[in-house]
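The structure under discussion appears below in the form of structure tokens.
The values are calculated or read from the model by the stated rules, or taken from the named source; none is laboratory data. Just so you know, these numbers come straight off a predicted model, no measurement behind them. Please note: Cβ atoms are built from the backbone with ideal geometry, for glycine as well, and neighbour counts cover all protein chains shown. For accessibility, only protein heavy atoms count, side chains too; no ligands or nucleic acids. Shrake-Rupley method; radii C 1.70, N 1.55, O 1.52, S 1.80 Å.
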Amino acid sequence: MSDTLSSWTKTSWRNFTALQQPNWPDQTDYDNALETISKLPPLVFAGEIRDLKALLAKASSGEAFLLQGGDCSEDFERCTAPDIRELLKVILQMAAILMYAGEKPIIMLGRMAGQYAKPRSSDTEIVNGVEIPSYRGDMVNDPEPVKEARIPDPQRMVKGYHLATATMNILRAFTRGGYAAMHRVHAWNNEFVKKSPRGQSYEKLARQIGKALEFMDIIGIDTDIPQLKQASFFTSHEALLLGYEEALTRQDSTTGDWYDCSAHMLWIGDRTRQLDGAHIEFLRGVLNPIGLKIGPSHDIDEIKKIITRLNPENEPGRLTLITRFGAKKIHNYLPHLVREIKKEGFSVVWICDPMHGNTYTAETGHKTRNFNEILQEILSFFEIHWDEDTVPGGIHFELTGENVTECTGGDRKIRDSELKLNYQTNCDPRLNADQSLALAFQIAELIAK
Ligand code: PEP
Ligand code: CO
């Protein structure tokens, strides 16, 4: 650790500048909400966090591949069993495709059970000529575009904690209770996807997996084992609201180490990764795996210093670099970044977020992303890593299990004019189930290479 820094505590971030924090109207209400959360049980346990870190260490050397995905911003009203199940199903399907066709263990990491806070480009927005606070995620305010709804309410953090707990609980039930068993690989295909060409390819793959399991049964290999009957599923979100993260930071009784128990993995957004900012200060002291988003605005020397600060021991699996340059810019930035990081000997997991650099506004006014650009950024990501002899270790998506029309293109060739048909997101546009499977098939081929 750098000697200029004083020692870390879970509150030391308060001495640094924290960007992107809401303007909470009342300090006492805010303090009371955090006090309540700090007494409630952790959402995840230190042992699980260590398991994820060990898996990520494998991803850094190419022995596993990370699939991170979920909503841009989880919606309180969509914290229902069917909504969570549909999203989980797509992630399970994608993992089955990547595992079977890509021939690699897949680490499933949801943007789920706590992805409730959003950084924004501006504190306020103009709606019908009136200036109102920006929507900052359901844990802060309500998306309805009226002034009263947009006033930050700290009780939303308490509600967010409870909904994250409910989400975690049902995820654990689905993934441990038989739903995610490989024997059920057929059942994950949904009605909407079944009719599409990708859905058909998925059915074929599911039949092959089913046959392999039957064959194992016939020759007497036990398939009633946890590796086939259960899935390991981890959670992650952007560690944006540092008061909330602090309230869930707990000391592991067996080791005395500190873990942020709001999720297994936390990431730092592209807008809050200042070397001397509060987010870096907070996350340097917890032992979770940490993600760092890197977009075109980065400064390479600052990134190196951030890496040293977050991972002074160069521990494999501790740090995941999530690059998000956009299909048009990735060639301008990624090769240089990769070379510089490699030269320093830093151990990192390289993953690609092909969503956040490819957002544009359609003529209809919808914020959207095009399937081909997303795919193009992924292809470039793999090619650049192959050229530089580094490991493309994973992928980071915003997606949903619903039949939404938020991103253009894909097999159904969604056009700008069709975005309005089922545009549901409160924040960024997500891939629908069909588009997600199509990308999984493409990525599987790249991983298998
Ligand atoms: C996000 O992941 O939703 C996000 C805001 O990303 P970034 O920090 O990369 O812009
Ligand atoms: Co987003």
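For LYS195 and GLU313, calculate 0.36 nm times their separation in residues minus their Cα-Cα distance, and state this gained length in nm to one decimal.
That works out to 37.4 nm of additional length.
Specify the residue with the greatest mean-square fluctuation among GLN208, GLN68, GLN435, computed from a Gaussian network of the chain linking alpha-carbon atoms under 10 Å apart.
Between GLN208, GLN68, GLN435, it is GLN208 that shows the largest mean-square fluctuation.
For a label point 7 Å from the Cα of ILE300 along Cα→C-beta, name the residues of segment 365-389 whose backbone N is under 15 Å from it.
Backbone N within reach: 388.
GluC sites (Glu not before Pro), restricted to segment 285-360: which are DSSP loop and have at most 16 other Cβ atoms within 10 Å?
Taking segment 285-360 and a limit of 16 other Cβ atoms within 10 Å, the loop GluC sites (Glu not before Pro) found are GLU313.
Once you keep just the Cα pairs under 8 angstrom separated by 6 or more residues, what percentage relative contact order results for segment 51-135? Can you show the working numbers first?
On the way: 77 pairs, mean separation 28.4, N = 85.
For segment 51-135, the relative contact order is 33 percent.
With the chain treated as a Gaussian network of Cα nodes joined by springs under 10 Å, which of PRO429, PRO25, PRO335 yields the largest mean-square fluctuation?
Taking springs between Cα atoms under 10 Å, the residue moving most is PRO25.
Which loop GluC sites (Glu not before Pro) in segment 1-87, with loop taken from DSSP, have no more than 16 other Cβ atoms within 10 angstrom of their Cβ?
Answer in residue order: GLU63.
Using 22 Å as the Cα-Cα cut-off, could you pick out the over-long pairs in LYS53/LYS104; LYS118/LYS329; LYS195/LYS328; LYS53/LYS204; LYS118/LYS342; LYS58/LYS342?
Too far apart for the 22 Å limit: LYS118/LYS329; LYS195/LYS328; LYS53/LYS204; LYS118/LYS342.
Using only alpha carbon pairs under 8 Å that are at least six residues apart, calculate the relative contact order of segment 158-284 and give it in whole percent.
On the way: 104 pairs, mean separation 27.3, N = 127.
With pairs under 8 Å counted, the relative contact order is 22 percent.
Points 7 angstrom from Cα along the Cβ direction at GLN442 and ILE209: gap in nanometres?
2.2
Which trypsin sites (Lys or Arg not before Pro) does segment 313-355 hold that lie in a coil by DSSP with at most 16 other beta carbons within 10 Å?
Within segment 313-355, the qualifying trypsin sites (Lys or Arg not before Pro) (loop, at most 16 other Cβ atoms within 10 Å) are LYS328, LYS329.
Once the Cβ-Cβ distance between THR36 and ALA149 is put in as r, and R0 is 22 Å, what FRET efficiency do you end up with, to the nearest 0.05?
Rounded to the nearest 0.05, the efficiency is 0.45.
Tell me the volume per residue, in Å³, of the convex hull enclosing the alpha carbons of segment 300-340.
76
Which helices of the chain meet both criteria: a Cα extent of 18 Å or more along the helical axis and a mean Kyte-Doolittle score no lower than 0.5, with helices taken as whole DSSP H segments? Each step should come with its number before you reach the end.
Numbers: long enough: 27-39 (19 Å, -1.14); 46-60 (21 Å, 0.17); 81-102 (30 Å, 0.99); 155-176 (31 Å, -0.14); 197-218 (32 Å, -0.63); 330-344 (21 Å, -0.75); 371-388 (26 Å, 0.01); 433-448 (22 Å, 1.09).
Result, helices passing both filters: 81-102, 433-448.
How much area per residue is accessible in segment 21-82 when the probe is 1.4 Å and only protein heavy atoms are counted (Å²)?
For segment 21-82, the per-residue accessible area is 46 Å².
Quick check: at a probe of 1.4 Å, how many percent of the accessible area of the chain sits on carbon and sulfur atoms?
49
How big is the gap, in Å, between the Cα center of segment 388-449 and the Cα center of segment 68-120?
Segment 388-449 and segment 68-120 have Cα centres spaced 12 Å from each other.
Straight-line reach from LYS10: which lysines have Cα under 18 Å away, leaving out those fewer than 8 places along the same chain?
By straight Cα distance, LYS10 reaches LYS39.
Which whole-number percentage describes the relative contact order of segment 120-211, with Cα contacts under 8 Å and a sequence gap of 6 or more? Write down the numbers at each step before the final one.
Working: 69 pairs, mean separation 13.0, N = 92.
Answer for segment 120-211 is 14 percent.
I'd like the antiparallel share, as a percent to the nearest 5, of DSSP beta bridges with both residues in segment 314-434.
30
R0 = 25 Å: FRET efficiency of ARG14 with ASP51, Cβ-based, nearest 0.05?
According to the calculation, E is roughly 0.20.
Rounding to the nearest 20 debye, state how big the charge dipole of segment 5-95 is about its Cα centre with +1 on each Lys and Arg Cβ and -1 on each Asp and Glu Cβ.
500
Any idea of the accessible area per residue across segment 84-241, 1.4 Å probe, to the nearest Å²?
44
For the chain, state what percent of all Cα-Cα pairs lands in each successive 10 Å bin, counting from 0 Å until the bin that includes the largest distance.
With 10 Å bins starting at 0, P(r) equals 4, 21, 33, 27, 12, 2, 0, 0.
Taking K and R as +1 and D and E as -1, what net charge do the other residues with C-beta under 14 Å from the C-beta of ALA46 add up to? All intermediate terms of the calculation are to be shown ahead of the outcome.
Numbers: positive: ARG50, LYS53, ARG250; negative: GLU48, ASP51, ASP252, ASP257, ASP260.
So the surrounding residues net to -2.
Mind checking the dipole of the chain: about its Cα centre, +1 per Lys or Arg Cβ, -1 per Asp or Glu Cβ, Debye to the nearest 20?
780
Pick from ASP138, ASP222, ASP389 the residue whose mean-square fluctuation is largest in a GNM of the chain, springs joining Cα atoms under 10 Å.
Top of the fluctuation ranking is ASP222.
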